[in-house]
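Notes for the one structure printed next.
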Ligand code: FES
């Protein structure tokens, strides 16, 4: 069992959980993920690691409440335990040997962009951070980003904070101003990562995206997380989650993601209907 030692609400539906998981904390690296189950009968959900503390034996994750499992998780409190917390899974993000990088995060994906950005910074790279949110009330980890980046740009869709517009517009401007990036790293909604990749492609800037498709077993056995990358089938759980954004088959990835979201929505509605029937 894995105890929640800290629970902190960052935004109305975005929560930080610090979990006691010494073996995971000992081996975790930026970019890797865990799979958790809230209870014995719960579904397994993959969540990318936000932070880890090997001395304390804890791993921090930031979760947006968007489906039935994250909803169930949101009802747990400090002192409660998760049934499973397996990891670290996937390959760590390669952060060494870069002189200048841009890290682009979207929404709750910024929780994952942050440890990667910090590792780039700790490895000596000049780091430009561009983060995007729908509106001011959804902005997270701003101080953390500022501390570890040489340039920090926050964008909101509605212009309620930072600059109004898309992260891709800010990224393009930085490139056009003459910033020569060794790499652009993007994490966030799939459609955002797709357009970051499309933005950098004409400039030939190596672009890494952190993919989080449907995952079931997290071991490369079920095929749930398969992606087409450079014409080859890859599994995000064992071959990723980082991939070359210029080689990902985005049409297929976006289509599979939409199907999964539909399924999740339907499942959530079904659960609510069942619940309503039970209480009637
Ligand atoms: Fe099953 Fe990756 S989650 S193959």
key: Extension reserve of the residue 157-residue 91 stretch, reckoned as 0.36 nm per residue once the Cα distance is removed   = 20.6 nm
task = Any chance you could get the radius of gyration and Dmax over the Cα atoms of the stretch 51-183, in Å?
result = 16.7, 51
message = Suppose only helical runs count, i.e. DSSP H with n ≥ 4. What mean residue ellipticity at 222 nm does that imply for the chain under -39500 (n - 2.57) per run, divided by all residues and rounded to the nearest 500 deg cm²/dmol?
response = -9500 deg cm²/dmol
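Based only on other Cβ atoms within 10 Å, what is the fewest-to-most ordering of 128, 75? Working shown, then result.
Working: 128 22, 75 9.
Ranked by crowding around the Cβ, least crowded first: 75, 128.
Quick one: if you take sqrt(5λ) for each eigenvalue of the C-alpha gyration tensor of the stretch 102-142, what semi-axes come out, biggest first, whole angstrom?
So the equivalent ellipsoid measures 20, 9, 7 Å along its semi-axes.
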request  = Could you please state, rounded to a whole Å, how far the C-alpha centre of the stretch 159-228 is from the C-alpha centre of the stretch 55-95?
outcome  = 23
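Calculate the translational D of the stretch 32-129 in whole µm² s⁻¹ from Stokes-Einstein, where the hydrodynamic radius comes from the Kirkwood formula applied to all Cα pairs, the temperature is 37 °C and the viscosity 0.692 mPa s.
Answer, rounded: 220 µm²/s.
Could you put 203, 181, 161 in order, starting from the residue whose Cβ has the fewest other Cβ atoms within 10 Å?
Placing the least packed residue first, the sequence is 203, 161, 181.
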inquiry  = What do you get for the angle between helix 110-122 and the principal long axis of the chain? Use alpha-carbon atoms, 0 to 90 degrees, nearest ten.
reply    = 50
Of every Cα-Cα pair in the stretch 110-170, the percent that sits beyond 12 Å = 63
message = Semi-axes of the equivalent ellipsoid for the stretch 46-97, please: Cα gyration tensor eigenvalues, times 5, square-rooted, ordered largest first, whole Å.
response = 24, 15, 10
query = Given the convex hull of the Cα atoms of the chain, what is a quarter of its surface area in nm²?
reply = 15.2
Share of Cα-Cα pairs in the stretch 1-66 lying beyond 16 Å, as whole percent = 45
request  = Return an integer: the convex hull volume of the alpha-carbon atoms of the stretch 179-240, in Å³ per residue.
outcome  = 89
key: Sequence of 152, 133, 185 once ranked by neighbouring C-beta atoms within 10 Å, starting from the fewest   = 152, 133, 185
Acute angle (nearest 10 degrees) that the helix 250-279 long axis makes with the longest principal axis of the chain, alpha-carbon atoms = 30
message = With the crude spin-label approximation of a point 7 Å out along Cα→Cβ, what separation in nm comes out for residue 216 versus residue 137?
response = 3.8
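Bear in mind that the values in this text are calculations on the coordinates, not laboratory data. Note that the structure is predicted; figures quoted are calculated from it, not measured. Note that each Cβ is placed from the backbone with ideal geometry, even for glycine, and that neighbours are counted across all protein chains shown.
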